[in-house]
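Okay, structure first, notes after.
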Amino acid sequence: MLNRFIGLSATIAARSSRSGFLPASLLKAGNQNKTMSTGKAFKVLVTHPEVPQEGIDLLKENCEVILVNSVPTDRAELLQKLRGVDGVLWGGHAALNAEALDAAGPQLKSISTMSAGIDYVDVPELKKRKIPLGHTPTVLNTAVADLAVGLVIAASRRFHEGRKKIDNDQWENYHLNWLLGQDIRDSTVGFYGFGGIGQAIAKRLGGFDIDRVLYTTRRRVAKDIEEEYNAKKVDFDTLLAESDFIVIASPLTKDTEGVFNATAFNKMKETAVLVNIARGKIVNQNDLYEALKCNRIFAAGLDVTDPEPLSPTDKLLTLDNAVILPHIGSATKRTRADMATIAAHNVLRGLAGEPMLSPAY
């Protein structure tokens, strides 16, 4: 799947007309009365006004587009505007559940999120109603991987603590061993989850001359991928015990929720650095706070927390050895535009009864 969207941005930009991406059947499909009254075959709701224009324009070529205007999303407005739509481009992380599907009505036939993770979606409910669901993984791999490497460096080299020293007039450059960090060179990097994003991170860290990659997943990755990254599948305890850096790149499921807890932290090296770019609930934050405060592990870099947004008074924010970002892994202009475009294609293909570009199941 990693190769599926390689070059997508360039392909989209190179085409003078995006209609070449559209299913031919879409041009003829739809309710005749709608076509006569609006000139469009289908009605599609975009649930966030900040969805990039590239995706909205694509939908507008053959659909009547309705926008939810509230930020943050007002649930009442969302439910009201869902009534009677044929498709939905679901921007943001509002709950996509039976309430929303009931509000839309039985004619709803296509939904795509504009995200890789779909933990806010009631997938069994959509499957029960036989509504196809798309999402947008892979296209965000590059942006998230870049940010993950940034967190690895920032946490291991004490960026946050160093900046606080400047702010507090504590620049102690007369010490030879001041603010010493951990080396990435010759390190063992462990991945909890080693899909497209994990592999993209490993590729970048290879440029830092790491020694080896360990990974814990349900299924072993292909042999050629293991050879490319000098990677070895290990059990969770081995990952914890042998890794100098651990990167969480796993979906949030009932099996992964809270798996990084006090027990896990007690099995890690005292010099270990934890990075989470997946979902906040995979980490027990109270246990992480204690592990960082007592220097049971060296540092952590988090782009995701539980909850989000994190309270400005949260105790994690008081720690020098915690680098925390506000979930901005995919937040580049190019990435978001590509996500919107893929989500729009998913919706259009679902409306036409054709396989989605990026199905969630």
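Values for this structure:
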read-out: Residue count for segment 344-361, restricted to those that are open to solvent by 20 Å² or more (accessible area, probe 1.4 Å), closer than 17 Å to residue 116 by Cα and assigned to a loop (DSSP other than H, G, I, E, B); value: 3
read-out: Candidate set from segment 300-343 (those that are among the aliphatic types (A, V, I, L, M) and in a helix (DSSP H, G or I)); member that is surrounded by the most Cβ atoms within 10 Å (Cβ to Cβ); value: 343
read-out: Residue check for residue 150: modelled with pLDDT of 95 or more and touching a Ser or Thr at 6+ places or on another chain (Cβ under 7 Å); value: no
read-out: Condition met for residue 279 (crowded, with 22+ Cβ neighbours inside 10 Å and not hydrophobic (A, V, I, L, M, F, W, C)); value: no
read-out: Options 184, 166, 153: the member that is assigned to a helix (DSSP H, G or I), over 21 Å from the mean Cα position of the chain (by Cα) and surrounded by fewer than 22 Cβ atoms within 10 Å (Cβ to Cβ); value: 166
read-out: Considering residues of segment 66-108 that are within 22 Å of the chain's Cα centre (by Cα) and more than 17 Å from residue 135 (Cα to Cα) only, the residue least open to solvent (accessible area, probe 1.4 Å); value: 73
read-out: Test result for residue 171, open to solvent by less than 70 Å² (accessible area, probe 1.4 Å) and assigned by the TED database to the domain that holds residue 273; value: no
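The values are calculated or read from the model by the stated rules, or taken from the named source; none is laboratory data. Small disclaimer: the values here were computed from a predicted structure and weren't measured. Ideal geometry is used to build each Cβ from the backbone, glycine not excepted, and the neighbour counts take in all protein chains shown. Areas reflect the complete protein model, heavy atoms only, side chains present, ligands, DNA and RNA absent. Shrake-Rupley method; radii C 1.70, N 1.55, O 1.52, S 1.80 Å.
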